[in-house]
Amino acid sequence: MDKIPKNSTPQATSPEELTTLYEVAMAVGATLDLRQALYDVLDILSRRMDMRHGTVTLLSPGQDVVQVEVAHGMSVNAVRRGRYKMGEGITGRVVETGDPIIVPHISQEPLFLDRTRIRRQNPAEDISFLCVPIKSGTKVIGTISVDRVFQNEPALKADLRFLTIIATLIARTAVNLETLNREKDQLHRENERLTQALADKFATTNIVGNSNKMKEVFHLIEQVSGSTATVLIRGESGTGKELVASAIHYNSPRAKGPFITVNCSALPASLIESELFGHIRGAFTGAVRDKPGRFERANKGTIFLDEIGSIPVETQAKLLRVLQEREIERVGDIRTRAVDVRIIAATNRDLEQAMEQGEFREDLYWRLNVFPIFLPPLRERPTDTLLLADHFVERYAQRHQKDVRRISTPAIDALTIYHWPGNVRELENCIERAVLLSNEGVIHAYHLPPSLQTAEDSQTGISTSLDDALAKVERDLISDALKSSHGNMAQAARILQSTERIIRYKVKKYDLNPRRFR
C-alpha cells in the first residue's frame with residue numbers, strides 16, 4: 001500500500017486524459033441530479049480510462065460511517081455491502097486521514113477488505129486499487145475509488161493524480177448541488193407555508209358574519225370549493241365578492257396554483273382581449289413582443305373575473321369559447337392554446353336585464369351561472385355590522401399602532417341605524433378613519449364621518465345648528481362615562497371631571513337611563 005503525500009501536485013498530461021476531463025466536466029455541469037452526475041462520471045472513467053468498478057462513497061452526516069452512494073459495474077447487493085467505519089479498510093482510512101492511497105496488488109494487501117465481493121469473480125487477475133478523498137475545503141465528505149489491472153508503479157501514480165482532479169470536480173459539484181438543493185428545499189417549505197397562510201387567511205372562518213344569510217353563503221362556499229365548477233358571485237359593490245372568490249380558490253385542490261384577478265370594468269374595451277387572451281408580436285401597434293394573457297397565467301389555477309357584466313359583447317363570444325373548449329387564441333395568432341383554468345366571475349349588474357337589452361349574451365350567462373352565490377348587502381344583515389366593526393377596529397389598531405380597544409355606545413347606535421350604501425367596504429373605511437382620529441382608546445360617535453353622526457331612520461343628513469351638534473357630543477360623552485362606571489353617576493361625574501348634580505341634570509335632560517348601563 002502506497003500513501004501519496006499531500007503536497008503532490010495533480011496534473012493531466014496525455015490527450016486522452018484531457019478529453020476525459022472535458023467529458024467529465026460536461027457531465028457534472030449537465031444536471032442538477034448529483035446521483036446521475038456521479039453515474040455519468042464513473043461511466044466515462046470506465047469507457048475512456050478502463051477504470052473498473054468505480055465507486056463514490058459519501059460520509060453520512062453526523063456519523064463516522066461512509067457508504068457507497070454510486071457504483072459502476074456492481075449489483076445492488078454489492079453496493080449495499082459497501083459500508084465502512086472511519087479508519088476501517090482502505091476507504092475508511094482515506095476518509096480518516098484525507099490522503100489518497102494506492103494498493104498495487106489487492107491480493108497482497110491485508111487492509112483491503114473487498115466488502116463488495118466483486119473482485120472474487122476474476123481471482124487470477126492482478127488488480128490494483130486507487131482511492132482518493134473528495135474534499136470540501138479541508139473536510140473530507142467522501143471518496144472516489146477505481147480498480148485497474150496492474151501495469152507499473154509510475155502508471156498507477158499518474159492514474160492517481162488524474163483521479164484526484166476528478167475528485168476535485170466532483171467535490172465542487174457536490175457542494176454546489178447541496179447548496180442548490182438546500183435552497184430549493186427552503187423555497188419549497190416557504191411556498192408551503194405561504195400557501196397554508198393564504199388558505200388560513202381566506203378560510204370561510206375568516207369571513208366575518210353570523211347572520212342566517214351569511215351562514216348560507218358559508219355553506220355554499222364549502223360545497224363548491226372542492227369542485228372545478230364555474231361560480232358566479234352576485235351582490236352589490238363592496239359586499240366582499242373577491243373575498244369569497246379567494247376563499248373558494250384557497251380551499252380548493254387548486255390552492256397551490258395561481259389566483260389571477262381581473263377587474264373587467266377597469267380595462268379599456270380596446271385592450272381587454274389582449275389582457276385576457278394575450279397577443280403575439282405585431283398583432284397591433286405597440287405589440288413589440290409576444291405576451292401571454294391572464295388566462296395563460298392562471299393555468300392550473302383560478303381566474304377571477306370581477307365585474308364581468310362590463311365586458312364588451314364581442315369579447316363575450318371569445319370568453320364563451322374558453323368556457324366551452326378550455327382553449328384560447330392570442331390576439332393576432334391562429335394557433336389555439338389549451339388552458340386548465342377554473343373561472344369564478346362576479347358582478348353587481350342585473351344580468352337578466354342586460355340580456356333583455358342585448359348587452360350580455362344569453363349563452364354566456366348560462367355558462368357562467370353554474371353555481372350562483374348571492375352576497376346580501378350589509379343593510380340586510382344588521383347583526384353582522386358590530387361584528388365587522390370590531391374586526392376592523394382590531395385590524396386597523398394593529399396596523400396603525402393605535403391603542404383602540406372598543407366602540408362607545410353612541411357610536412354603536414350610529415353604526416347600527418345607518419343604511420350603508422357602500423356595504424362592507426364603506427364600513428371598513430369608516431372604522432379606519434375613526435381609529436386614526438381616536439386618542440383615548442375608544443371610538444366615539446364624533447370620530448365617525450358626518451353622515452353617520454346625524455343619521456336618523458337610516459337616512460343621512462347634516463346637523464342644522466351648532467347647539468344640536470354640541471348637545472349630541474355632550475350626550476355621547478355622558479353615555480360613555482355611564483357605560484364605564486356601570487351606571488354609577490357619581491363615578492361618571494369623576495370621569496368627566498364634573499359634579500354629580502350636573503351629571504344628574506344632564507341625564508334627565510337627555511333622557512338617559514343609568515340602569516341601562518349596569
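Starting from the range 358-373, keep only residues that are farther than 15 Å from V231 by Cα, then list their pairs with residues that are acidic (D, E) and surrounded by fewer than 16 Cβ atoms within 10 Å (Cβ to Cβ) whose Cβ atoms are within a distance under 9 Å, requiring at least 6 positions of separation or different chains.
Every condition considered, the pairs that remain are F360/E352.
Quick one: which strands (runs of 3 or more DSSP E) sit completely within the range 26-103 and have at least 2 residues that are within 44 Å of the chain's Cα centre (by Cα) and either of a type outside the set (S, T, Y) or outside the structural domain of E153 (by TED's automatic domain parsing) (or both)?
52-59, 65-71, 83-85
Any residue in the range 433-447 that is among the hydroxyl-bearing types (S, T, Y) and either modelled with pLDDT under 85 or under 17 Å from L378 (Cα atoms) (or both)? Talk me through it step by step, then tell me what you get.
Just the residues of the range 433-447 that are among the hydroxyl-bearing types (S, T, Y), to begin with: 438, 446.
Checking which are either modelled with pLDDT under 85 or under 17 Å from L378 (Cα atoms) (or both) leaves us with none.
No - not one qualifying residue is present in the range 433-447.
How about the range 37-85: which of its residues are over 19 Å from V146 (Cβ atoms) and loosely packed, with under 15 Cβ neighbours inside 10 Å?
Result: S60, P61, G62, Q63, D64, V76, N77, R80, K85.
When R189 is evaluated against the numbered criteria (1) charged (D, E, K, R); (2) in contact with a helix residue (DSSP H, G or I) (Cβ under 9 Å, 6 or more places away or on another chain); (3) at pLDDT 70 or above, which criterion, by number, is the only one it fails?
(2)
Would you say V208 is more than 25 Å from F360 (Cα to Cα), among the aliphatic types (A, V, I, L, M) and outside any helix (DSSP H, G or I)?
Criteria met by V208.
Any residue that is assigned to a loop (DSSP other than H, G, I, E, B), within 18 Å of R172 (Cα to Cα), free of Cβ contacts under 8 Å to residues at least 60 places away in the same chain and not acidic (D, E) - is there at least one of those in the range 129-137? Don't jump to the end; show me each part of the working.
Within the range 129-137, the subset assigned to a loop (DSSP other than H, G, I, E, B) is 137.
If we keep only those that are within 18 Å of R172 (Cα to Cα) too, we end up with 137.
After this cut, where a residue has to be free of Cβ contacts under 8 Å to residues at least 60 places away in the same chain as well, the list is 137.
Pick out the ones that are also not acidic (D, E) and you get 137.
The answer is yes, given that some residue of the range 129-137 is assigned to a loop (DSSP other than H, G, I, E, B), within 18 Å of R172 (Cα to Cα), free of Cβ contacts under 8 Å to residues at least 60 places away in the same chain and not acidic (D, E).
Given the structure, is T239 in a loop (DSSP other than H, G, I, E, B), polar (S, T, N, Q) and surrounded by fewer than 16 Cβ atoms within 10 Å (Cβ to Cβ)? Step through it out loud before you land on a result.
On the way: in a loop (DSSP other than H, G, I, E, B): yes; polar (S, T, N, Q): yes; surrounded by fewer than 16 Cβ atoms within 10 Å (Cβ to Cβ): no.
Answer is no for this residue.
Restrict the check to the range 361-372 and report whether at least one residue is in a strand (DSSP E or B) and either under 23 Å from H219 (Cα atoms) or of a type in the set (F, W, Y) (or both). Spell out the reasoning first.
First pass over the range 361-372, keeping only residues in a strand (DSSP E or B): 371-372.
Next, only the ones that are either under 23 Å from H219 (Cα atoms) or of a type in the set (F, W, Y) (or both) stay: 371-372.
Scanning the range 361-372, I find at least one residue that is in a strand (DSSP E or B) and either under 23 Å from H219 (Cα atoms) or of a type in the set (F, W, Y) (or both), so the answer is yes.
Considering only residues of the range 291-309 that are out of contact with any helix residue (DSSP H, G or I) (no Cβ under 7 Å at 6 or more places or on another chain) and in a loop (DSSP other than H, G, I, E, B), which is nearest to H249 (Cα to Cα)?
The residue in question is G301.
G87 passes all but one of (1) within 21 Å of I166 (Cβ to Cβ); (2) in contact with a Lys or Arg (Cβ under 7 Å, 6 or more places away or on another chain); which number fails?
Only one criterion in (1) within 21 Å of I166 (Cβ to Cβ); (2) in contact with a Lys or Arg (Cβ under 7 Å, 6 or more places away or on another chain) is unmet by G87, namely (1).
Can you say whether A490 is assigned by TED's automatic domain parsing to the domain that holds D413, over 40 Å from the mean Cα position of the chain (by Cα) and either at pLDDT 85 or above or of a type outside the set (V, I, T) (or both), as far as the supplied structure shows? Please lay out each step first, then the result.
On the way: assigned by TED's automatic domain parsing to the domain that holds D413: yes; over 40 Å from the mean Cα position of the chain (by Cα): yes; either at pLDDT 85 or above or of a type outside the set (V, I, T) (or both): yes.
So A490 passes the test.
Confirm whether V146 is buried (at least 18 other Cβ atoms within 10 Å of the Cβ), in contact with a Lys or Arg (Cβ under 8 Å, 6 or more places away or on another chain) and assigned to a strand (DSSP E or B). Talk me through it step by step, then tell me what you get.
Values: buried (at least 18 other Cβ atoms within 10 Å of the Cβ): yes; in contact with a Lys or Arg (Cβ under 8 Å, 6 or more places away or on another chain): yes; assigned to a strand (DSSP E or B): yes.
For V146, the condition - buried (at least 18 other Cβ atoms within 10 Å of the Cβ), in contact with a Lys or Arg (Cβ under 8 Å, 6 or more places away or on another chain) and assigned to a strand (DSSP E or B) - is met.
So if I check each of I431, I417, which one is over 29 Å from the mean Cα position of the chain (by Cα), within 30 Å of H219 (Cα to Cα) and surrounded by fewer than 21 Cβ atoms within 10 Å (Cβ to Cβ)?
Numbers: I431 fails: surrounded by fewer than 21 Cβ atoms within 10 Å (Cβ to Cβ).
Only one candidate qualifies: I417.
Can you name the condition, by its number, that K213 falls short on among (1) in contact with a Lys or Arg (Cβ under 9 Å, 6 or more places away or on another chain); (2) surrounded by fewer than 19 Cβ atoms within 10 Å (Cβ to Cβ); (3) farther than 23 Å from P382 by Cβ?
(3)
Of these, L378, L351, L364, L387, which one is surrounded by 18 or more Cβ atoms within 10 Å (Cβ to Cβ), among the aliphatic types (A, V, I, L, M) and in contact with a Gly (Cβ under 7 Å, 6 or more places away or on another chain)?
On the way: L378 fails: in contact with a Gly (Cβ under 7 Å, 6 or more places away or on another chain); L364 fails: in contact with a Gly (Cβ under 7 Å, 6 or more places away or on another chain); L387 fails: surrounded by 18 or more Cβ atoms within 10 Å (Cβ to Cβ).
Answer to the selection: L351.
The values are calculated or read from the model by the stated rules, or taken from the named source; none is laboratory data. All figures in this text were calculated on a predicted structure; none of them were measured in a lab. Neighbour counts are summed over all protein chains in view; Cβ atoms, including those assigned to glycine, are modelled from backbone coordinates with ideal geometry.
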